[in-house]
Amino acid sequence: MRPTVNNPLDSAEFSRDPYPLLAALRARGPVQRVRTGNGRTTWVVTGWAEARAALADARLSKDTARYFADRPGNRRLAPAVSRTLLATDPPHHGRLRRLAMKAFTPAAVARLEPRIRAIAEELADALAARGSADLVEEFAEPLPITVISELLGVPEPDRAAARRWSHDLFAAAAPDTVDRASHALSNYMTRLIAARRENPGDDVLSGLIAARDEADRLSEAELGSLAVLLVVAGHETTTHLIGNGMVALLQDDALRSRLRADPGLLPAAVEEFLRHDSPITLATFRFATEPVDLGGARISAGEVVLVSPGAANRDPARFVAPDEVRLDRPGGHLSFGHGPHHCLGAPLARLEARIAFEVLLTRFPDIRPAVDTWDALEWRRTRLMHGPAGLPVFLGP
């Protein structure tokens, strides 16, 4: 039997820079068992081929309600958070996805470009008036939260609270904080759905209330969980995509100049930033419904599996010099997942990031970091995602 490796996933070091630890796990084999904080174990998938296979394997279920049905715990997550689209399996997952996806088709997203650009320019105007800024607090977060809030019809005065609750859902080693945030956000979206039902608007939430697939429509519980998911997934990962990409750009003067001179390279840059420093370090959990052989490991029925897009995207068996940023790479990153759970909002995230980088590089050609060393940069304290908690910059000469 394979040795069990001590769990590195809850450390501050992992939140700051997960890649050395994930590489060390991968060096032992692409699928490794690690200890969790509760004395149990989980499997972590770090190889690209194995991660891609796991993401599409129907034997690895995401149905959390099924998993916890006979495993009582002391968590108090709101059902709207614990039973989202991400926590369902086909065919139920496909049904929910079909009802939700019309708002996020490439054509629907393309129509948002003028408004997204206007928001980015407004944020840049505010930055330019000051000469220095925290790019996360003042640009990378406000851009996607404003976009998704406008799409859902979240009033401007409520957006700061929604952003705070969303942040708290990913607080590392703080289960009470996570539970409280889940109920606060769930209750808020329930009230917003009721208001939109009474007074429908030209927004995604009103569309979801009315959405039908022949005789089928979303239940109240499904509406609430989908609304919560769209708020959270609609900005958290995009914030980290922009933040991580800017960290890479601020360390590479030549790349900044190249992208500023040729904005046509920005789509390739977005894909490479997604690969090089994935906003998702570890995907939400799966569990084996029957024994699964993966990467030389035998995963027993009932065991938990965590797929790491962050590790897979730096697997040297798939990508040459994976720790470097190269715009000429072939595709294949797993930052948006693979299989049935491929990210519904991927087109929107790509568009927001492309516009964000274009606006920042065009408006601030002399942008530079305002930290003495990169080691001084603070990172979000969460193991599921990776991104800077703040990014201080000088915007002028």
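For segment 48-152, the equivalent ellipsoid derived from the alpha-carbon gyration tensor has semi-axes of 37, 19, 15 Å in decreasing order.
Couplings for segment 329-343, taken from phi via the Karplus curve 6.51 cos²θ - 1.76 cosθ + 1.60 with θ = phi - 60°, read 6, x, x, x, 5, 10, 5, 9, x, 6, x, x, 9, 3, 4 Hz in order; Gly and Pro are left as x.
Helical runs assigned H by DSSP (4 residues or longer) give the chain a calculated mean residue ellipticity at 222 nm of -14000 deg cm²/dmol, each run adding -39500 (n - 2.57) before division by the residue total.
Checking every one of the GluC sites (Glu not before Pro) in segment 179-267 against DSSP loop status and a limit of 13 other Cβ atoms within 10 Å picks out E214. Put the Cα centre of segment 272-328 next to the Cα centre of segment 238-271 and the gap is 24 Å.
Under a model in which nothing but the beta-carbon of Lys, Arg (+1) and Asp, Glu (-1) is charged, the chain shows a dipole of about 1120 debye around its Cα centre. Dividing the convex hull volume of the alpha carbon atoms of segment 107-193 by its residue count gives 117 Å³ per residue. Global size of segment 142-246: 14.3, 46 Å for Rg and Dmax (C-alpha atoms, Rg to one decimal, Dmax whole). Here the spin labels are modelled as points 7 Å beyond Cα on the Cα-Cβ line, and at N187 and N199 they lie 2.3 nm apart.
Taking Cβ atoms as reference points and 15 Å as the exclusive limit, the residues near D134 contribute a net charge of 0, counting Lys and Arg as +1 and Asp and Glu as -1. Starting at the first residue of segment 186-203, write each ³J(HN,Hα) from the Karplus equation 6.51 cos²θ - 1.76 cosθ + 1.60 with θ = phi - 60°, in whole Hz, x for Gly and Pro. Working through the residues one at a time gives 4, 5, 4, 5, 4, 5, 5, 4, 4, 5, 5, 5, 6, 9, x, x, 8, 9 Hz. Among D125, D168, the order by Cβ neighbours within 10 angstrom, fewest to most, reads D125, D168. Taking 0.36 nm per residue of separation and subtracting the Cα-Cα distance, full extension of the segment from H342 to A110 would add 81.6 nm.
A viscosity of 1.002 mPa s and a temperature of 20 °C, combined with the Kirkwood radius over Cα pairs in Stokes-Einstein, give a translational diffusion coefficient for segment 12-394 of 100 µm²/s. Exposure proxy ranking for L21, L60, L77, based on other Cβ atoms within 10 angstrom of each Cβ and starting from the fewest, stands as L21, L77, L60.
List W379, W374, W43 from most exposed to least, where exposure is judged by having the fewest other Cβ atoms within 10 Å.
Fewest-to-most Cβ neighbours within 10 Å comes out as W374, W379, W43.
Farthest toward the positive end of the dipole of the chain, out of T36, A124, T190, is the Cα of T36, where the dipole comes from beta carbon charges about the Cα centre.
For segment 257-397, a Kirkwood hydrodynamic radius built from all Cα pairs, placed in the Stokes-Einstein relation at 4 °C and 1.567 mPa s, yields a translational diffusion coefficient of 74 µm²/s. Under a 5 Å amide H cut-off, with hydrogens placed 1.01 Å from N, E378 pairs with A389, G390 among residues at least 5 apart or on other chains. Couplings 3J(HN,Hα) for segment 138-144, derived from phi with the Karplus relation 6.51 cos²θ - 1.76 cosθ + 1.60 (θ = phi - 60°), are 10, 9, 5, 7, x, 4, x Hz, where x marks Gly and Pro. Each of A65, T238, L266 was scored by the projection of its Cα onto the charge dipole of the chain, and the greatest displacement toward the positive side belongs to A65; charges sit on the C-beta of Lys, Arg, Asp and Glu. Using the average count of surrounding beta-carbon atoms within 10 Å as a protection proxy, the listed peptides 239-245, 366-372 rank, highest first, as 239-245, 366-372. Kirkwood hydrodynamic radius of segment 234-290, from the reciprocal of the average inverse Cα-Cα distance over all distinct pairs: 12.9 Å.
Read the figures in this text as sums done on the coordinates, not as results from a lab. Please read these numbers as outputs of a predicted model, since none were measured by experiment. No Cβ is skipped: glycine too gets one built from the backbone with ideal geometry, and neighbour counts run over all protein chains shown.
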